[in-house]
Amino acid sequence: MADKRLWTQMDLGFTSNPKVQEVLAESAGAVVLYIHSVLMSCQHITDGFAKEKVMVRTSFASQADADLLASAGMWHRPGHDCETCPTSVPLGEVYIHDFEEHNPMWTTRAAETRSEKATKAARARWATDSKSEDATEHAASIGQASGEQCSEDTPAMPEKRREKKKISSSSSTADFDAFWVRYPRKVAKAAAQKAFAKALKSTDVETVMSGVEALRTEVAGKDQKFTPHPATWLNEGRWDDEPSGQLQIPVNSPWDPSFHRMQASA
Ligand SMILES: [Zn+2]
């Protein structure tokens, strides 16, 4: 039976990260508070914002734990100076550092894309029967309903947001921003933006983004010089590259077949 729970991802080095280690050394509760805030933000699609007092209360943490996260830069309070995160944080709230980069599935934009896809699929099914205005409207409402239940990884969108926000033609800038956040090497942004617009004439955003995810996996832990400039990658249409990454097994690890041969002959 398929697992119906919703997931986000966690970096394997999270608890070994020096910043996190420093916090851990002071208070394990602060790290639980942090994880709780990430999961709640994903669950409620708040785009990385969280009400500080609510987070503290619901994870049984202390105000000192919250202060610890703020001083370690894992949480940003109003007036913070982190250059990669949104600058305006409402009073009483915190922004989780680099939330969007680490939880790309759990942003309003990603949720809207999923909802939009479900709507389109429903429209396509109905369009074969009738092209009347009524049918289209009906299809849209069915699409939204099925967006909630059709797949395990579709989050339930807050009712209000789902109705109000529609993907508009200005989404191309948002698409590029999402690409830029995820692309593993950030050089020559203007050239990348031009190449991105060009690429979208021959493919769709989802294809490019899944290519970016494959590239991230491939270059993870390697020197940046092995990652192509974003404009080059886009211009060469490399989102279609076969992943070269069969699982990289370190030589002399127990998972390397020759390890066992070596052991056997030793
Ligand atoms: Zn930040």
Practice item. Please indicate, with yes or no, whether at least one residue in region 106-113 is open to solvent by 20 Å² or more (accessible area, probe 1.4 Å) and not in a helix (DSSP H, G or I). Key: no
Exercise for review: Only residues in region 23-50 that are over 13 Å from Trp7 (Cα atoms) and open to solvent by 10 Å² or more (accessible area, probe 1.4 Å) count as the first member; pair them with residues that are at pLDDT below 95 and basic (Lys, Arg), Cβ under 9 angstrom, at least 6 apart or cross-chain, and list the lot.
Suggested key: Asp47/Arg109
Practice item. Filter region 78-122 down to residues that are at pLDDT 95 or above, more than 11 Å from the ligand (Cβ to nearest atom) and in contact with a helix residue (DSSP H, G or I) (Cβ under 9 Å, 6 or more places away or on another chain) and give me whichever is nearest to Val38 (Cα to Cα). Key: Glu93
Practice item. Pick out, from region 1-99, the helices (runs of 4 or more DSSP H) lying fully within it that include 3 or more residues that are within 29 Å of Thr217 (Cα to Cα). Key: 18-26, 28-44
Check your understanding: Taking region 192-212 as the region of interest, how many residues are open to solvent by less than 40 Å² (accessible area, probe 1.4 Å) and not in a helix (DSSP H, G or I)?
Key -> 1
Practice item. Hey, can you tell me all the residues within region 172-191 that are without any contact (Cβ under 8 Å) to a residue 60 or more places away in the chain, open to solvent by less than 40 Å² (accessible area, probe 1.4 Å) and either in a helix (DSSP H, G or I) or on the phi > 0 side of the Ramachandran plot (or both)? Key: Asp175, Phe176, Phe179, Trp180
Check your understanding: Among the numbered criteria (1) in contact with a helix residue (DSSP H, G or I) (Cβ under 6 Å, 6 or more places away or on another chain); (2) loosely packed, with under 13 Cβ neighbours inside 10 Å, which single criterion is violated by Ala61?
Key -> (2)
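Only one residue in Met10, Met1 is at pLDDT below 95, under 17 Å from Glu100 (Cα atoms) and open to solvent by 50 Å² or more (accessible area, probe 1.4 Å), so which one is that?
Met10
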**Study point:** Residue count, region 70-99 (criterion: touching a residue at least 40 places away in the same chain (Cβ under 8 Å), touching a Cys at 6+ places or on another chain (Cβ under 9 Å), of a type outside the set (A, V, I, L, M) and surrounded by 20 or more Cβ atoms within 10 Å (Cβ to Cβ))
**Key:** 2
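The values are calculated or read from the model by the stated rules, or taken from the named source; none is laboratory data. None of the values given here were measured: they were computed from a predicted structure. So basically every Cβ, Gly included, is an ideal-geometry build from the backbone, and we count neighbours across all protein chains shown. For accessibility, only protein heavy atoms count, side chains too; no ligands or nucleic acids. Shrake-Rupley method; radii C 1.70, N 1.55, O 1.52, S 1.80 Å.
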